[in-house]
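The values are calculated or read from the model by the stated rules, or taken from the named source; none is laboratory data. What you see is a predicted model, and the numbers here were worked out from it, not measured in a lab. Reconstructed Cβ throughout: ideal geometry from the backbone, glycine too, with neighbour counts over all protein chains shown. Just the protein is used for accessible areas: all its heavy atoms, side chains included, with ligands, DNA and RNA removed. Shrake-Rupley method; radii C 1.70, N 1.55, O 1.52, S 1.80 Å.
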Amino acid sequence: MIPGKLTIKNFLSYGPEPQEINFSEHDLVCFIGRNGHGKSSVLDAITWVLWGQARKNSGATKADEGLLHSGQKNMLVHLDFQFGGKQYRVRREYTKTFGKPVHVLDFEVMDDKGSYGSLTDKTIKATQEKIETTLGIDYETFVNTSFLRQGNADEFSRKSPKERKQILTRILGLSYYEALAQKAADKGKIANSKIAEFEAVCVSMDRELGAAGETEKLFIEAAKSRATLEKKIKTVSTSNKKFEEQRAVLVRDREIVEKEIAAAPKDTIVAARRDELSLTFREWRNVHRQFVKSPSIDLLIVERKKCAETEVGMRKAQAKIFKLREEGLAVKEKLDIGESLLTVADDSSIGDILASVFLTIEDSFSDSIEVDTIVSELEA
């Protein structure tokens, strides 16, 4: 961090008249003066505006109250600084009232056009976290490494082992690797969960492929039924045609005999013809009864049509079964690849593998639903 312009008002020894210090005009700055002239207050103002912390005067219940200039109710510190090649601005203000004190914290960054854009969050705590995230250092780390407060040169050595470890962790940036390790662990948990889901899907697909054998049996039975119906229709059609021909001949003979009876004299010839007609009528009646008892060709044709539709559905189901088998093998292959790459692939590659497997699983589910529908219809 490279400090730029610092503005101080009613902070410690600085009074109500705003005081400005421009660090950007100097490569090296040295403050010289008597005690109480405000040398340390400049550094305290920097820590207060950035982290909201500074030295605490004795007798003050809160740090901000101890930093407020005597007799004043409003305190303000404004700092421009550079960090990471960008220009930032922080403004912190404290106002003491009869009720609850008022705190204000603004955080801004300069864009490419030279204008400041706000980085201030909804709460002071959230804004403070943004400042510390940007700087990559908190107050405790700063005062134990870069800034030795007056009378606290041995502050690091006075820390407990746990506190010193935390400070060194932040200085060396080890927390970044801890965050990466935690993120990797979280990713591992998610990946394991996805693997369990994929395995469950594979088991379900294996179950569906096992049930596909039942569908094939139904398809074979339907084909056999259709062949039987075709033979039955052919036989009945032949029989019906024969019966129709016999009935036509009998009807014609009956009409001839009836005409002969009507024209012939009543003698023995009439009696003989009448007996012949009676015999012909009995034969016709027997043929007619056989014709009535024979299956209806229209019904057989309807049944044949249904059987043909069933065969089409069976062929589609069989095609879906073959497709499901291929996709099941593809899913298993992708799952094996995902497991082998899980320990070495980065987040983006894992996301690509999982997205590809998910797409295959979704297609498989849609196909399996169609097959289940076809099978349920055939069973009905």
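Being among the polar types (S, T, N, Q) and open to solvent by 70 Å² or more (accessible area, probe 1.4 Å), is that true of even one residue in the range 97-115? No, the range 97-115 contains no residue that is among the polar types (S, T, N, Q) and open to solvent by 70 Å² or more (accessible area, probe 1.4 Å). If the condition is being modelled with pLDDT under 80 and of a type in the set (Gly, Ala, Ser), then the range 238-249 contributes only SER239. Scanning the range 55-71 for residues that are in a loop (DSSP other than H, G, I, E, B), surrounded by 14 or more Cβ atoms within 10 Å (Cβ to Cβ) and either over 53 Å from the mean Cα position of the chain (by Cα) or at pLDDT 80 or above (or both) yields one hit, HIS69.
Out of curiosity, is VAL77 open to solvent by 60 Å² or more (accessible area, probe 1.4 Å) and in contact with a Ser or Thr (Cβ under 8 Å, 6 or more places away or on another chain)? Criteria not met by VAL77. Among residues of the range 207-222 that are in contact (Cβ under 8 Å) with a residue 60 or more places away in the chain and closer than 11 Å to ARG315 by Cα, none has a Cβ under 6 angstrom from a residue that is open to solvent by 90 Å² or more (accessible area, probe 1.4 Å) and not small (Gly, Ala, Ser) at a sequence gap of 6+ or on a separate chain.
Can you tell me which residue in the range 228-262 is nearest to LYS305 (Cα to Cα), limited to those that are open to solvent by 60 Å² or more (accessible area, probe 1.4 Å) and within 60 Å of the chain's Cα centre (by Cα)? Ranking the candidates gives GLU230 first.
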